[in-house]
Every structure is written in C-alpha cells, then in structure tokens.
Amino acid sequence: MSAELATADGHLPDAGHDAGHGDHGHVSAENNFLGLPNIKLAMWAFLGSECMFFGSLIGTYFFYHGKSLAGPLPNQVFSIAITSISTFLLLMSSMTMALAVDATRLKRLSSARTYILATAALGATFVGFQVYEFSQFVEEGLKLSTSLFGSTFFVMTGFHGAHVTVGVIWLTMLSIMISNGKLNKERSPITVESAGLYWHFVDIVWIVIFTFVYLLEFIK
Amino acid sequence: MASVADFAQAQAPVYHQERPAKSGLVDWLTTVDHKKIGILYGSAGLFWLLIGGLEALLFRLQLAKPDQDLFIGNQYNGLVTMHATTMVFLAVMPMIAGFSNYFVPLMIGARDVAFPRLNAFSWYTFLFGSLVINASIVFAHFPAGGWTGYAPLSTRAYGNDGMDFWWAGLVLLAISSMVAGVNFVVTILNMRAPGMTLMRVPVLAWMMLVIQFLLAFSFPPVAVGLIFLAFDRTFGAVFYESAMGGDPHLWQHLFWLFGHPEVYVLILPSMGIVSEVLPVFARRPLFGQHAVIFSGVFIGFVGFGVWGHHMFTAGMGPIADAVFAATTAVIAIPTGVKIFNWLGTLWGGKLTFPVPMLFAISFIPMFTIGGLSGVMHANAPLDLQQHDSYFVVAHFHYVLVGGALQGLFSGIYFYFPKITGKMLSEGLGKAHFWLFLLGMNITFWPMHDLGNRGMPRRIFTYPADAGWNFDNMLGTVGVFFMAAGTLLMVYNIFTSMKNGKTAGRDPWDANTLEWMTESPPPAHNFDFTPVVFSERPLFDHKHSEDLAIPVPHEAEQIHMPSYSWKPLVVASGALLVILGLLLLNLAPMLWLISVAGALTVVVGIYQWVTEPV
C-alpha cells in the first residue's frame, strides 16, 4: 500500500515546488501544496496513528503492572542477556536501513538492495529471537492465559513482532522490485525512505519496550 | 460579470487512463474515482440508516406500553446494540465518508484524493465490516453487549455469540477509518489548488480535516481494546477476567478514548455542512469564518481529553473526575462560538428557505438543546444522578439526530444537484423536514422527563405504575413521524434522479469550487486547475472582472488513475484474516483461512504497487 506514489494526475510530486505562492500566470498541474511528497506525509500521519496503537498496548501493560494474581513475574522470566543481543541486532538494522536510503539517493540500486536485504535479515533474526523467547517463557509456565502479565506481555510484544514481520515482508518486496526493475532510480529514494520511516519507528518502539518493560524491572 | 458557464472551455482537455475503465458492474467494483466511491459510501449509509431506524422502531414498539413482551431479554438488548452500532458506524459515519469522498477533492480543487486505490480499499473494508457485524443475525444472534461493548459484559462468560461478529466487524471498520483518515489528511493538506491557503479551505473541508485526524488517532485505542477482547474470547487471554485481577476500567478507558473523539467525528461534518449552507441562503459570507475553523480545531484537540466524563460513575476518583469535568465544560466554549457565528451569519441576511436551509436552521436550536444538556453532564455530581437514565438518551439523540443527522440531511438536499445534476423535489423535502422535526421532538423531548422521573436506559420493560406510560407512548409515536419523513426522502431521491429539474452547475448561486464544474462533475473534476484568491473562489469568479477567465490548461492530457481490482483483493484478504479468527471457535483448523487471507494481502499488495496506474 505504502508504495503507492501516484498523485491523482499520476506524477510524482515535485518536492520543493511551492504551488501555494505560484504566480498567477502559471498554473501547476501538480497538487503538492506543502512541498512534501504525499507518500511521506501519509507515512508520518500513519506513524502518528501507530503511536496511539502502541501507546495503548504499552499503557495497558503498565496499567496492569504488578497486578497479576499468579506467577511467574517479569523479573523471573526476563533474560536481559538474550534480549540485549536481539535489541542490538534490531538497532543495527536501523543503521543498514539508513545506509539503504542513502544508497538510493546516490542512485546505487544494487548496493541499496544489499542493505535492504541486510536490514530484512537482521529484522528476521530479531523475530527469531522473539519466537525463542516466547517459547522459553511458555516453558517456564507463562502463557497468554496465566496472568495479566502473560496477556499484556505477549500481546504487546507480539504485535511489535508482527510489525517487524510486516517490515521484513515489505523490505523483501522492495528488494524483489529492485531486482526485476519494478523500482527504478527515480522512484527508489522516496519509496525506500518511506519503508525506512516505518522501520525506524518500529525500532524506536522496541527501544521504549526494552527500556521500560525489561530494564526497569531490574532497578532496585 | 462572468457567468459560471464561461468556464466551460471550447477546447477542454481530455483525460486519459492507462487502462480505460470498463462499464457497468465491473466499473463500480473496481473504481478508484472519489466521486463513485463517495456515492457508494453514501448509498450504503442511507441503507443502514433505514435498517438502524427499523431496529429502533421495533424496540420502541416494545416500550410503547408497560409490561409488553414483544422483544424481551437478549432480543431487546440485541436490537438496542445493533441500533446504536448501526447508526454510529454504518449509517452516519459512511454518510460522512460519502460527503468527504465526493466533495473534499472538489472543494479544494483537486482531481482525486491522494491515494485513490487506498480509498477504494477503505470502502471495501467498511463494506465487509458492516456485513460481518450484521451476519451475526444469520449465523448466531445479534450482539447484545451494548454498542459500548463494556467488558466483561462482552466477554465469553457474559456476552453472547454475536459479540464475536461485533468485534470482528469493528476491527475491519477501524482499519477502514484509520486508512481513510491518513488518506484524507494528506489529500486536504497537500492536494489543494494553487492559492488555496489553509484559511481559504472551505469550512466543510476543514471539519473533514479535523475528523480525519480524529479517526486516525482515536481508532487505534479502541482497536487495541477490541484486540484484547478478541484474545480473551478466542485465545483465553485474561485482559478482562476479574477473577484474574482484570479491571473493568480498562475497556472503558480504551473505548472512550476512542468514543469521545468519535462523537466529534459524527458532529463536526454536520457543523461544516451548516457552515456551507447558511451563507449561501443568507446571501452573506460566513460570519467569523476563522473563528468557526479554529473552534472546530479546538474541539478536535480537547476532544481527546474529555473521555472520562463517560465514566464519572465508574469510580476514577475525585481528581480525575474534576479534570474531566473541567475539560468537558471547556468544550462548550468553541461550540458556543460556532453557534453565535451561525446566528451572526443569519443576522441581516436576505434569507430564503429551501429544504437545505430549513434543515440547517433547525440544526442550530436542536443541537443547542442537546449541547446544553451536555454541559449539564459535564458537572460530575449532577452526572451521578443522570448517568444511565433516559435524560442521557435524550441528550445524545438531540445532538446526533437533531444535530448530526439533520446536518447530513441538509447536505443531501444541498449537494444532491451536484451529484446527480437533478434537483430534489422541494415539496417532498419540506414534508420530510416537518415530519422529521416534529417526530424527533415528540420522541426525544419526553425522554428528558423520563430521565428525571428515574427511568433507566437499557431496560426492556417497566411497570405500569411507574409514571412512565405517557412519555413512552409519545416516544413510540414520534418514531413513526421520523420514519415517514426519512422514507419520503428516499422516495424523493429515487424519483428526482429520473424526473427532477435539471440543476446546472450552480443551482444555489454558491461560493465554493465544487459548484464551478459540471453537475455531475466529469471524471477529472475540472478542465483546468482552479486558482484561488479568497475563501470564496467561485464568488470571486462570478463577481470580479479581473478573475473572470482562469488560465486554461494547455492542450495537454490529464492523466487519471485506472480502475483496479487490487483494493478489493487486499480487502478480501483482510476479511479472510478476520473470518479465520472469528471461526476459530468452531474448529481449530480454520486458522488456515487466516493464513490464506494473509497471503492474499501480501500478494495483493505486491501486485498493487507494481501495476501501472
């Protein structure tokens, strides 16, 4: 969806062109009032919406924090060592994502594709870690139905993992589109940057979750 | 003085599409034209309005006299739940979406919305959501947990099987609204014609901008609440299980954090319509246009900070109650600003009273009555008395029927000529207006009294000696007036589409860009990109020599997006994902339906982004 670039007249908006103060003799065929491509504006609005989504999930986690009537409790199951590794990998994926965006700006599509695939691989590894973590927790007796902690933790981090998965699929699609020529040099910077905005956002959400849900658990 | 017809150019540019549109049914299934999608939304809204009205009529028959047993227990609860769910999500919201789709691009001088195919996707997810909710009556029972779906009343332990369809449908509607919200925010901010600064955007488009923000930012909390509900009902999570420490406040907060902005989603567009209609028939510019716009924006912002006033009796504590009481009372200020601006617009105007004006004028006092009882509810101690009584029912029906619905009716009579090129019958319209105004006051005014006499909401019958008999009988009689009026409007629409007077471009001598183009507008909306010099661009063009002839587009072709099946494919995938989760209760293997749906979504999106537009 997000790669839908065409304005109603099918052209990519010409960034920087300020139609609002256009002289009266010239009428621009392009509607691009803010001088910002539609897709970028849409991504920011969508991410605002996503803030409310994750805000509600994380808010619920803390609303119920410490109110579980049955164990195990967070500090009994969390393994900071393992989650630190997966967090590090996800943070590194933001770097490769930024390098991918940079490569598209330099019109180096094949190196952009390499960085995109690296980002997707790091994201997929993160999801793999999460699957492992979940299965460990279930082994230690924490299920969705065990307690409020189980319900809130699995749904919150599960939806974050689902977002990473969506990002991995998105990035894979982009790399396929670069390979078969569906994504050309003109369109690639904005298309990849949009995916990048999403990716960094999902990464930032994880920083919030890792800090407040995991690390704060161990402050005495 | 130039007439509007001067704008029809001799060498109008031709629009072209990569793949030309097919005719007939396929065209309506695959269209990405904002006008056709607007008509689809509006027609669906009208259809569900009739269904929701029928549901109300049925339970009013049950309440007409004491101790009746027409619809009792969960039958009654189901009717009430579906009446509210239908009216809010399936009638008023799609009618608003219809106006938003059809007129926002025209009003801001754009050729379409920012993402035409995404717009079609929103339409299909809405359609599927509405069908899923109503499928409950075929495959199970009507959801009976109330339109607010308070958990734990809606969980497996207390809610009936219809609540599964309820959450599933609402999740689809939430997706539809969030996507549409993003799409229209971008459209209104970025697709305006040259010269149309934000302060020159018509008030209706402004109010649509505000509600699109509200949709995009308020639906996620309720989506999360619904996801929790789905996990509780389907996967045995314990979010709302009090035995496991679950707190009934959780759902209420998540729901009303959405639910109150939603109230403004329902009313602000009608305020926008009234702000468009009054100046045209008072022959004056809108009094204090900027104040009207800013008060709408203010309502939108503060609307996120008042949800707790639905929960004064839930025991949030005195500090939270005080804060929510204060923020709620503050909302009265911008609302009052708008009311006085409308009065100021009428003052000294040369008033004429065709049907859209009648509805717009009666909007003001009817909405004000509902607004005033709303201010009373802001007072937390007073609200403790009124909560869950018929006084509240009277309040929100004055706001939603006298306000939102009358505004939308005004819009239907006002904009019908633009959509179809034909005028609606004035005589039938006036009959509709008077029947409806009379009916809503006969029904809802006595409910204030019923509330004061202590009749609680959501009871399916009452004893004969409670003193509620006369008011309840009135309430039922009035519904028939409203139903008759609304049916007259539907009849009017069908007959006028064929036999109505030809409207022409600008039948009301109006001020904004949508009246500049033909009725109905061509697929590309405008032959040239309009240039805007004030908040009344068409008025300028009609009354100023300098601006009479706009600069024509050079003989270049206008590229319009082609039809596409992909929005339908992706929306069907989303439907399958939800259906798989919904059916999981029948047989565990049915999760494979969800997997198939997810694959459909992925493949559909890939084809979507790679198909030529």
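The values are calculated or read from the model by the stated rules, or taken from the named source; none is laboratory data. Computed from a predicted model, the values in this text were never measured in an experiment. Neighbour counts are summed over all protein chains in view; Cβ atoms, including those assigned to glycine, are modelled from backbone coordinates with ideal geometry.
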### Query
Scanning for something free of Cβ contacts under 8 Å to residues at least 60 places away in the same chain and within 19 Å of the chain's Cα centre (by Cα), does segment B:187-208 turn up at least one residue?
no
### Query
How many residues, within segment B:191-222, are assigned to a helix (DSSP H, G or I), over 19 Å from B:Gly300 (Cβ atoms) and at the interface with chain A (Cβ under 7 Å from one of its Cβ atoms)?
0
### Query
For segment B:53-76, does any single residue satisfy the condition of being in a helix (DSSP H, G or I), hydroxyl-bearing (Ser, Thr, Tyr), free of Cβ contacts under 8 Å to residues at least 60 places away in the same chain and in contact with a helix residue (DSSP H, G or I) (Cβ under 8 Å, 6 or more places away or on another chain)?
no
### Message
Quick test of your reading of the structure: A:Val101 fulfils all but one of (1) away from every other protein chain (no Cβ under 14 Å); (2) surrounded by fewer than 22 Cβ atoms within 10 Å (Cβ to Cβ); (3) under 15 Å from the mean Cα position of the chain (by Cα). Name the failing condition by number.
### Response
(2)
### Task
Go through (1) within 30 Å of A:Ser147 (Cβ to Cβ); (2) surrounded by fewer than 24 Cβ atoms within 10 Å (Cβ to Cβ); (3) not hydrophobic (A, V, I, L, M, F, W, C) and name the single condition B:Asp232 misses.
(2)
#### Entry: Members of segment A:67-93 found to be farther than 22 Å from A:Ala124 by Cα and more than 10 Å from every other protein chain (Cβ to nearest Cβ), listed by number
A:Gly71, A:Pro72, A:Leu73, A:Pro74, A:Asn75, A:Gln76, A:Val77
### Task
Hey, can you tell me all the residues within segment B:458-495 that are small (Gly, Ala, Ser) and buried (at least 20 other Cβ atoms within 10 Å of the Cβ)?
B:Gly475, B:Gly478, B:Gly485
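Which one of B:Ala140, B:Ala144, B:Ala151 is under 27 Å from B:Phe228 (Cβ atoms), surrounded by 24 or more Cβ atoms within 10 Å (Cβ to Cβ), modelled with pLDDT under 95 and touching a Gly at 6+ places or on another chain (Cβ under 6 Å)? Break it down stepwise before answering.
Details: B:Ala140 fails: surrounded by 24 or more Cβ atoms within 10 Å (Cβ to Cβ); B:Ala151 fails: touching a Gly at 6+ places or on another chain (Cβ under 6 Å).
Among B:Ala140, B:Ala144, B:Ala151, only B:Ala144 is under 27 Å from B:Phe228 (Cβ atoms), surrounded by 24 or more Cβ atoms within 10 Å (Cβ to Cβ), modelled with pLDDT under 95 and touching a Gly at 6+ places or on another chain (Cβ under 6 Å).
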### Task
Select from segment B:228-264 the residues that are over 28 Å from B:Leu400 (Cα atoms) and among the β-branched types (Val, Ile, Thr) and write down the one among them that is nearest to the other protein chains (Cβ to nearest Cβ).
B:Val238
### Summary
Residue hits (segment B:522-536; buried (at least 20 other Cβ atoms within 10 Å of the Cβ) and more than 13 Å from chain A (Cβ to nearest Cβ)) are B:Glu535, B:Arg536
### Query
Of the residues that sit in segment A:32-49 and are facing chain B (nearest Cβ under 7 Å) and in a helix (DSSP H, G or I), which one is surrounded by the fewest Cβ atoms within 10 Å (Cβ to Cβ)?
A:Gly48
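What's the total number of residues in segment B:564-582 that are within 15 Å of B:Arg117 (Cα to Cα) and either exposed (fewer than 15 other Cβ atoms within 10 Å of the Cβ) or more than 14 Å from chain A (Cβ to nearest Cβ) (or both)? Spell out how you get there, then give the answer.
The initial filter retains those residues of segment B:564-582 that are within 15 Å of B:Arg117 (Cα to Cα), namely B:564-572.
Still in the running and either exposed (fewer than 15 other Cβ atoms within 10 Å of the Cβ) or more than 14 Å from chain A (Cβ to nearest Cβ) (or both): B:565, B:572.
Looking only at that region, the number is 2.
Kindly check whether there is at least one residue in segment B:158-174 that is assigned to a helix (DSSP H, G or I), farther than 24 Å from B:Val92 by Cβ and in contact with a helix residue (DSSP H, G or I) (Cβ under 9 Å, 6 or more places away or on another chain). Walk me through how you get there before you give the answer.
Keep residues of segment B:158-174 that are assigned to a helix (DSSP H, G or I), which gives B:162-174.
Imposing the further condition that a residue be farther than 24 Å from B:Val92 by Cβ reduces the set to B:164.
Next cut, in contact with a helix residue (DSSP H, G or I) (Cβ under 9 Å, 6 or more places away or on another chain) only: B:164.
Looking through segment B:158-174, at least one residue is assigned to a helix (DSSP H, G or I), farther than 24 Å from B:Val92 by Cβ and in contact with a helix residue (DSSP H, G or I) (Cβ under 9 Å, 6 or more places away or on another chain).
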### Query
Does any residue of segment B:212-223 turn out to be surrounded by fewer than 24 Cβ atoms within 10 Å (Cβ to Cβ) and within 24 Å of B:Asn525 (Cβ to Cβ)?
no
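Here's the yes/no breakdown for (1) modelled with pLDDT under 95; (2) within 10 Å of chain A (Cβ to nearest Cβ); (3) under 16 Å from B:Pro269 (Cβ atoms):
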residue: B:Val88; (1), (2), (3): no, no, yes
residue: B:Ala91; (1), (2), (3): no, no, yes
residue: B:Phe99; (1), (2), (3): no, no, yes
residue: B:Arg111; (1), (2), (3): yes, yes, no
residue: B:Ala114; (1), (2), (3): yes, yes, no
residue: B:Ala120; (1), (2), (3): no, no, no
residue: B:Trp123; (1), (2), (3): no, no, no
### Query
Of the conditions (1) surrounded by 24 or more Cβ atoms within 10 Å (Cβ to Cβ); (2) away from chain A (no Cβ under 11 Å), B:Val179 fails just one. Which one is it?
(2)
### Query
Which of the following residues is away from chain B (no Cβ under 14 Å), at pLDDT 95 or above and touching a Phe, Trp or Tyr at 6+ places or on another chain (Cβ under 8 Å): A:Thr60, A:Thr96?
A:Thr96
### Message
Please count how many residues of segment B:583-613 are touching a Lys or Arg at 6+ places or on another chain (Cβ under 9 Å), surrounded by 15 or more Cβ atoms within 10 Å (Cβ to Cβ) and touching a residue at least 60 places away in the same chain (Cβ under 8 Å).
### Response
2
